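Undergrad: Right, I'll just put the structure down here and ask away after.
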Amino acid sequence: MVRDRFAPDFDPDCGDVPLTTARQDIVIGRWQGLRELLRATGPDWSVRGHRVRLLAQACASSSTAESWLAAEPHSADALVLRAATETARAFNLAITAGRGVPIDPHRVDTAVMASLQAAEVCPDDPTPWISLISVARLYPAGVRRQELARWWDELHQRDPYSVEGHLQVLHYYSSRWHGTHGLMYDFARDAAGVAPPGCALPVLVQYARVEEYRFALDAAHGRQSAVGLAQHWSNDGAASDVRRTWQRWISGRPQGEVAPAELRDLNYLAHAACHAGLPDIAGPLFRMLGRRATRTPWSYTGDPDKQIAKWRKEVGLRG
């Protein structure tokens, strides 16, 4: 009997079924499902951040978030979603404009003001501060160091182990935006160093390595051979980083199903383990993931479907 070829499941909602249902409402312009979802999510900041981010991406090309806010202008959840949606729209404009081409600063200002308004109405919620730090990097010169530090303090006070919040600061500090490789790696390693066992923050080092690779790829005009792919991912430092993240995060992580909000982080670690030549780590990670996968970071190094199928085969997994 011929086995079916392995096919990753790139569910954009990462297996979050209530989120998928709510996103279907956006297509028909119905905002009530968004309200119900975020109300049910409550103050589980990791889940809330995951859902708001993906809802915002879906709302960016529609008026659903504005319809909700018009119907319930004092809704805290509507204000948080509107801020994230304005942030997503600003990034969509930046992507369309192309790297290095500034967009209308008014659009960035709009997202900043929406984030600050949401933060004021939702004093305990870290989500608006994540939106704020994220959109800040779209200013051509960034923001003043003191301002970024203040926003970071506000976020850190509310959710000190937020992977998404740390990730937005890491992007800001990267060479592709307003920092350097050294600054980015220092931030990632500092965060990993204070993370309690089982916390996902050590994976920031793998995110940093992907950021460095993307910067090199841009400089090489997309020619992977000019970047030194194997050396970048498989040098002794890269391999040590993967083992360290495995030990600090996965070894201390409670046993159980992979949550939608951590699926992308696990894919980053699995990708790093594969390219570092560490099948003893890649294999268990693939078993944890099953068919579930995210397109990034695999898409930065080739075809995601082919890469995942290839690496699974190399660690002895079939179908």
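Undergrad: Once you've got the GNM for the chain with C-alpha springs shorter than 10 Å, pick whichever of Leu285, Leu132, Leu55 has the biggest mean-square fluctuation.
TA: For the chain, modelled as a Gaussian network with Cα springs under 10 Å, the answer is Leu285.
Undergrad: Next question. Give the accessible surface of the range 1-63 per residue, rounded to a whole number of Å², with probe radius 1.4 Å and ligands, DNA and RNA excluded.
TA: 56
Undergrad: Let me ask another. Of Ala22, Ala56, Pro260, which is farthest on the positive side of the dipole of the chain, counting Cα position, with +1 on Lys and Arg Cβ, -1 on Asp and Glu Cβ, and the Cα centre as origin?
TA: About the Cα centre, the residue reaching furthest to the positive side is Pro260.
Undergrad: Here is a follow-up. Among Ala282, Leu138, Gly42, whose Cα lies farthest out toward the positive end of the dipole of the chain, if unit charges sit on the beta carbon of Lys, Arg (+1) and Asp, Glu (-1)?
TA: Sorting the options by dipole projection puts first Ala282.
Undergrad: In whole Hz, what ³J(HN,Hα) sequence does the range 163-173 give by Karplus (6.51, -1.76, 1.60; θ = phi - 60°), x for Gly and Pro?
TA: For the range 163-173, the Karplus-derived couplings read 5, 5, x, 4, 5, 5, 5, 4, 4, 4, 7 Hz, x marking Gly and Pro.
Undergrad: Scan around Phe6 for amide H atoms under 5 Å from its own, H built in the peptide plane at 1.01 Å from N, and keep only partners 5 or more places away or cross-chain.
TA: For Phe6, whose amide H was placed from the backbone, the distant partners under 5 Å are Gly319.
Undergrad: Counting pairs of alpha carbon atoms under 8 Å apart in space and at least six apart in sequence, what relative contact order in percent does the chain give?
TA: That works out to 17 percent.
Undergrad: Also: Could you tell me the distance between the Cα centroids of the range 5-31 and the range 230-274, to the nearest Å?
TA: Result: 25 Å between the Cα centres.
Undergrad: Can you compute the charge dipole magnitude of the range 92-251 about its Cα centre, using +1 on each Lys and Arg Cβ and -1 on each Asp and Glu Cβ, nothing else charged? Give it in debye, rounded to the nearest 20.
TA: Charge dipole of the range 92-251: 520 debye, to the nearest 20.
Undergrad: Here's something else I'd like to know. Check which residues have an amide H placed less than 5 Å from Arg292's amide H, if you skip close sequence neighbours.
TA: For Arg292, the qualifying residues are Asp9.
Undergrad: Between Ser175, Ser131, Ser115, find the one with the highest GNM mean-square fluctuation for the chain; connect C-alpha pairs within less than 10 Å.
TA: Checking each option, the largest mean-square fluctuation is seen for Ser175.
Undergrad: Next question. Please report the carbon-and-sulfur percent of the accessible area for the chain; probe 1.4 Å, protein heavy atoms only, DNA, RNA and ligands left out.
TA: Taking all protein chains in place, the chain shows 53 percent carbon and sulfur surface.
Undergrad: In what sequence, largest accessible area first, do Thr180, Thr20 appear using a 1.4 Å probe?
TA: Thr180, Thr20
Undergrad: Still on this model: Counting other Cβ atoms within 10 Å, keep those with at most 16, restrict to DSSP loop, and tell me which trypsin sites (Lys or Arg not before Pro) in the range 105-172 are left.
TA: Sites meeting the loop and neighbour criteria: Arg144.
Undergrad: Springs between alpha-carbon pairs under 10 angstrom, Gaussian network model over the chain: which of Gly256, Gly142, Gly302 fluctuates most?
TA: Sorting by GNM fluctuation, first place goes to Gly256.
The values are calculated or read from the model by the stated rules, or taken from the named source; none is laboratory data. The structure presented is a predicted model; accordingly, all values stated were derived computationally and were not measured. In this analysis, Cβ positions are derived from the backbone assuming ideal geometry, glycine residues included, and neighbour counts consider all displayed protein chains. Side chains are part of the model used for accessible areas, which takes the heavy atoms of the whole protein and leaves out ligands, DNA and RNA. Shrake-Rupley method; radii C 1.70, N 1.55, O 1.52, S 1.80 Å.
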